[in-house]
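The values are calculated or read from the model by the stated rules, or taken from the named source; none is laboratory data. Not measured: the values here are computed from a predicted model. Here the Cβ is made from the backbone with ideal geometry for all residues, glycine too, and neighbour counts use every protein chain on show. Ligands, DNA and RNA are stripped out before the accessible areas are found, and what is left, the full protein with its side chains, is counted by its heavy atoms. Shrake-Rupley method; radii C 1.70, N 1.55, O 1.52, S 1.80 Å.
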Amino acid sequence: MNRDSEDTLELADESTTIRDDGGVAPNSLTRSQALNLYVSHAFSTWNARGMIIVYFAMILFSSSVGRWVERSPDRLRTLLSTILCNRGSVILGSFFWILILSQRDPAGDDEAAAFVFPPNAFLKGVGFAVAVALGIVERLSASGNLISMERDWVVAVAAPAGRPYDLTHLNAAMRRIDLVCKLLSPILVSAAISALGSVRLGVVFTGLTSLLSIPVEVFSATRVWKSSPLLQAPRAVAPPAPRRTEVESRSWLARSRQYFHGFEMYFGTTVWIPSVALALLHFNMLTWRATFITYLINIGYSLNTITIARAIGSVFEISSTVITPRGIEYMGKARHHSRLSGEDDDESAVGLIASEQEESRDVQTVIGLQRFGLWGVSWQLISTMPVVLALWAISALKDEESLSAFARRVLAEQAAPNVGWSVVLFSFLACSRLGVWVFDLTTQQLTQTRVPAHQRSSFAGTENSVVNIFELLGAGAAIAFPRTEQYKWLALASFVTVVISWVMYAGWVRRQRGHLLHWEKLAQGACVGGRGR
């Protein structure tokens, strides 16, 4: 592949197949290939949790993982390496967690029969350090797997826009798998621990499921690779950098320069603003993370209520994967003009495939992504406002309770939160999940199609570093404001980040399209309505 074709944003090398006669035929993904792709992705996204130290590791090393994926010409070997590394770290981590848990005194008679080691603080500390290190490896390998799958494999095998299994529908199906695994994985692990009656056996269960998933993932990925000539072909890699001596390449300064070069590349693309706007939302404290759940329990909500509310929110999240492909198609079919009249060289160069017959549909897809992404982040903004108001109202009502905090601690009881504000809180919180995942899907496809192919994996790795920066800031804010009565300020800060995200994305869309709304059409509609009256 020559340099000119690499520098364009068209995906000719990943959306077409070379025929025997030298012609170019559109790539077609079959139902069987898509099913194997989904199965492999499902097992790879079943487990994902983290701690503060993991956030630091992800910030430091995610961009390196992205560069490694980008520079690996063999797609199958890259993906299988991430699978084996990820599953191996989980299995080894389970072993060390068993050793750690086995040093404590038995909690009951059912644990007495199990093996128990004498307490050893040093051995326990070493085991914990190793377990945390393996957790970091697990997160980094999961990141590499996701980059390889979503930014390389999926884009390569996706059918042309408008056909079954095109990029929009593949992204939606993959995200649906993510969200279902996110919902069911904790439930299954908790059920296993409850059924087995032992935390240690629950850890063994986790390790065994990781071990058993390896052949399924490897088989599914290999089958997809063998059935796609595009995946079997060596991937085009970026031009090699000037060679340095071994001492220079290993120096701290050289590695720091390479690290920041990734950010330079990231902020040099045309889609860094949507990417950062999406990353900002990872600071949001009004999501179903452990901090928010703990807060809700502390102010009087039962675990059953929280579970039901979270399940309803999951329904909205999963529904976003059904709505988004239809929304992109609908928004893209709307009549357009101004910068997207078909005469804009930049937009006409952006395509999901390199066929002139599909160029119009490609431009429509880009328009649909921009418009529906704006709809998603706007929905998130509108839905977050009542959530913040409800939290402030509930907090104020708690402060006005006649029963003192000391008496509540003595009596071990507290008044139930206001029903009306509770309905507002949980209903709009569920609605907000729809907007954030619509925004996530549209932004993902923008970064898939508007970043050059030889930079896409590096971009995704740096993007992951940016996401973890805001994750770390969110965790740090929760540590800085740990008291229950302070959570309303975290909620307000979360709303501010959503506002900033909306402003960034809306400004970017306006620069891309020349406008946000068709004011002339709104004026025409108002005039027509006035005449009707």
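Of the helices (runs of 4 or more DSSP H) entirely within the stretch 141-232, those holding at least 1 residues that are surrounded by fewer than 21 Cβ atoms within 10 Å (Cβ to Cβ) and of a type in the set (S, T, N, Q) occupy 167-196, 199-226, 229-232. If the condition is being of a type in the set (Ser, Thr, Tyr), at pLDDT below 55 and part of a loop (DSSP other than H, G, I, E, B), then the stretch 233-252 contributes only Thr245.
When only residues in the stretch 448-473 that are closer than 18 Å to Ser141 by Cα and of a type in the set (A, V, I, L, M) count, which is surrounded by the most Cβ atoms within 10 Å (Cβ to Cβ)? Of everything passing the filter in the stretch 448-473, Ala460 is surrounded by the most Cβ atoms within 10 Å (Cβ to Cβ). Inspect the stretch 285-302 for any residue being within 24 Å of Trp375 (Cβ to Cβ), modelled with pLDDT under 95 and either open to solvent by 50 Å² or more (accessible area, probe 1.4 Å) or of a type outside the set (A, V, I, L, M) (or both) and give the result as yes or no. So far as the stretch 285-302 goes, yes, one or more of its residues are within 24 Å of Trp375 (Cβ to Cβ), modelled with pLDDT under 95 and either open to solvent by 50 Å² or more (accessible area, probe 1.4 Å) or of a type outside the set (A, V, I, L, M) (or both).
Can you find even one residue in the stretch 495-513 that is among the small types (Gly, Ala, Ser) and surrounded by fewer than 19 Cβ atoms within 10 Å (Cβ to Cβ)?
Kept after step one, since they are among the small types (Gly, Ala, Ser), are these residues of the stretch 495-513: 501, 506-507.
Now narrow it down to the ones that are surrounded by fewer than 19 Cβ atoms within 10 Å (Cβ to Cβ): 506-507.
Yes, because at least one residue in the stretch 495-513 is among the small types (Gly, Ala, Ser) and surrounded by fewer than 19 Cβ atoms within 10 Å (Cβ to Cβ).
Residues in the stretch 50-69 that are of a type in the set (Phe, Trp, Tyr) and open to solvent by 50 Å² or more (accessible area, probe 1.4 Å): Phe56, Phe61, Trp68.
Filtered by the rule that a residue be more than 30 Å from Asp362 (Cα to Cα) and touching a helix residue (DSSP H, G or I) at 6+ places or on another chain (Cβ under 7 Å), the stretch 304-330 gives Ile306, Ala309, Ile312, Gly313, Ser314. Among the numbered conditions (1) open to solvent by less than 40 Å² (accessible area, probe 1.4 Å); (2) closer than 28 Å to Phe263 by Cα, the only one that Tyr487 does not meet is (2).
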